[in-house]
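For reference, the structure is listed below as structure tokens.
The values are calculated or read from the model by the stated rules, or taken from the named source; none is laboratory data. Remember, it's a predicted structure, so these values are computed and weren't measured experimentally. When we count neighbours, we look across all protein chains shown, and the Cβ atoms used for this are built from the backbone with ideal geometry, even at glycine. These area figures cover heavy atoms from the full protein model, side chains too; ligands, DNA and RNA do not enter into them. Shrake-Rupley method; radii C 1.70, N 1.55, O 1.52, S 1.80 Å.
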Amino acid sequence: MENFPVINLENLNGEGRKATMEQIRDACENWGFFELVNHGIAPEFMDKIERMTKEHYRKCMEQRFKELVASKGLEAVQTEVSDMDWESTFFLRHLPVSNISEIPDLHDDYRKAMKEFALKLETLAEELLDLLCENLGLEKGYLKKAFYGSKGPTFGTKVSNYPPCPKPELIKGLRAHTDAGGIILLFQDDKVSGLQLLKDGQWIDVPPMRHSIVVNLGDQLEVITNGKYKSVEHRVIAQTNGTRMSIASFYNPGSDAVIYPAPVLVEKEAEEKKQVYPKFVFEDYMKLYTALKFEPKEPRFKAMKAVETNVGLGPIATA
């Protein structure tokens, strides 16, 4: 846990910039995850979001979850449950078109706060993508443009609560998977843990830290970097005590964005290692992912490789 990469973004503004960029590079290449502190989102505002999210769960979702558990007889399970997760969730879409006004049961103040939070996270995601470009030797703006498609990126938030679970050894809070999209920003509970990532064959806890944002890389960044950065398998272990809050925001390519390895990164590879990742339309990848989320990612890439000849490949202009 003490080795988990924690990056102070304030250190980018001064003499610590080079060391901080190196920390980010190492985290992207060797972890696929890192935790940000001093990221520019005010602690007081994060406290407000946390308070409102937990209130909303208690008032609008907790009873429904208890009824679901009772209806499926999950309190008394004796064998491992492999087809569902111990989580209560709702989803918000921010880009290309917001649906926050359509989500039922949200208090107006909570709606407004989540809209504001999404704007701050969108800005942070784009800043991070440019830091990744700098480390990769790509033009500034390359990754944002790669995600753009015809209508801009897709950006949405999954709000989850993981209530106390009587049999955490039999029911996962969230089963192991990699994330399909681009870059993911997570505001997680700082008191109730549970998020783990797979590193070198071992499950490692992602430490709960107050006011931090956990960042992880999705499958699309693995493709664009031609495997230099990799999406990493992760899961949530349900706990017996306490409800864990998780607000995960996904900055993903637009549905019609064509995703493929950055040519400059492919050129840097040794002669014998030709381009290994496919090119495809993001929407096509998502259709496959929806059916195979909890399966290994490699067959998904292979399936996309099999159909890639049909995909038109235009240059990415960064001007």
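Just a few scattered comments:
- Atom-type composition of the exposed protein surface of the chain places 51 percent of the accessible area on carbon and sulfur (1.4 angstrom probe).
- Beta bridges per DSSP with both ends in the chain, % antiparallel, nearest 5: 95
- Given 11 as the ceiling on other Cβ atoms within 10 Å, longest exposed-site-free region of the chain for GluC sites (Glu not before Pro) in DSSP loops: 170-270
- Accessible surface, per residue, of the chain when the full set of protein chains is kept, probe 1.4 Å, Å²: 48
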